[in-house]
Amino acid sequence: MKPFATAAVKDLRRLLESLSLPFPAMVDQAEQELHAAAAIYVQSRPLVNTTGGRHKLPIAQARAAMLDLHKKLAAAHRAATNLPPNTFGAFRGASRPPLGTLTRRIARLMESVGGAYRVLKSAPDKEKDAARAGLAFEVALIIRDTLRVKPARTRLQAFTATSKPRTAAYARVLSATLAVAGTPNVDLGAVMDAGLRLLSDPDLPHNL
């Protein structure tokens, strides 16, 4: 993974220092935790493409790939079940388990791929960014438990030159952490809501 951009890292540090925290050590701990959360987010995003950028594969491409795999497996299964009898001896000498077992495994793999294709076919065309929601949750948790600031839905626009230091703390820290992770221009509204929903989920371990 490439190192974080220096400017974004410095901006996050300055932001944490501006929150008027009671203990300086809280800044260091929160910074480390936010960097770790950003690293997990970066690693969980889709693979780097041929131009070096990151992108989310469209669901249609995933469906097409799964359907193509199913067709190829079906062709392999047909070919394996229609081999002439005089090939069986040669096959047994070259491989274990025997051809019949391998043919049944291909059939089971076809079933699994077919099931996966049906799941993809029923999925919405636009996928939600679960990794980003997870990062928003981690940031909210760090703000609550490490910085001892209650994360709220207050938007970035609410913070002005005359605001108190912790106004819109969640939005500001989340925005700065996304910038550290290389995603600086994000519509924070839905992302913040997703993070706060996870934070308040009574079934998650942090609330038990």
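Side notes on the structure shown:
- In the range 94-123, the residues that are farther than 17 Å from residue 65 by Cα and of a type in the set (S, T, N, Q) reach residues that are open to solvent by 60 Å² or more (accessible area, probe 1.4 Å) and modelled with pLDDT of 85 or more with C-beta atoms within less than 9 angstrom, at least six apart or across chains, in these pairs: 103/81.
- Of all residues in the range 180-208, those that are modelled with pLDDT of 90 or more have Cβ atoms under 7 Å from Cβ atoms of residues that are assigned to a loop (DSSP other than H, G, I, E, B) and of a type in the set (A, V, I, L, M, F, W, C), 6 or more apart or on another chain, in 180/4.
- Residues located in the range 84-107, provided they are modelled with pLDDT of 85 or more and open to solvent by 60 Å² or more (accessible area, probe 1.4 Å): 84, 104, 105
- Residue within the range 52-70 that is at pLDDT below 90, small (Gly, Ala, Ser), surrounded by 12 or more Cβ atoms within 10 Å (Cβ to Cβ) and in contact with a Lys or Arg (Cβ under 9 Å, 6 or more places away or on another chain) present: no
- Annotation: residue 170 fulfils all but one of (1) open to solvent by 20 Å² or more (accessible area, probe 1.4 Å); (2) in contact (Cβ under 8 Å) with a residue 12 or more places away in the chain; (3) not in a loop (DSSP other than H, G, I, E, B); the unmet one is (1).
- Each residue in the range 3-37 was checked for being touching a residue at least 24 places away in the same chain (Cβ under 8 Å), under 15 Å from residue 184 (Cβ atoms) and either open to solvent by 20 Å² or more (accessible area, probe 1.4 Å) or among the aromatic types (Phe, Trp, Tyr) (or both), and 5 pass.
- Test: residue 111 is under 20 Å from residue 184 (Cβ atoms) and at pLDDT 85 or above: no
- The residues in the range 2-43 that are β-branched (Val, Ile, Thr), over 14 Å from residue 182 (Cβ atoms) and within 21 Å of the chain's Cα centre (by Cα) can be counted, and the count is 0.
The values are calculated or read from the model by the stated rules, or taken from the named source; none is laboratory data. Predicted model, so just to flag it, every value in this text is computed and none were measured. Heads up, the Cβs are rebuilt from the backbone with ideal geometry, glycines too, and the neighbour counts pull from every protein chain shown. Protein only, heavy atoms only, side chains kept; ligands, DNA and RNA dropped before computing areas. Shrake-Rupley method; radii C 1.70, N 1.55, O 1.52, S 1.80 Å.
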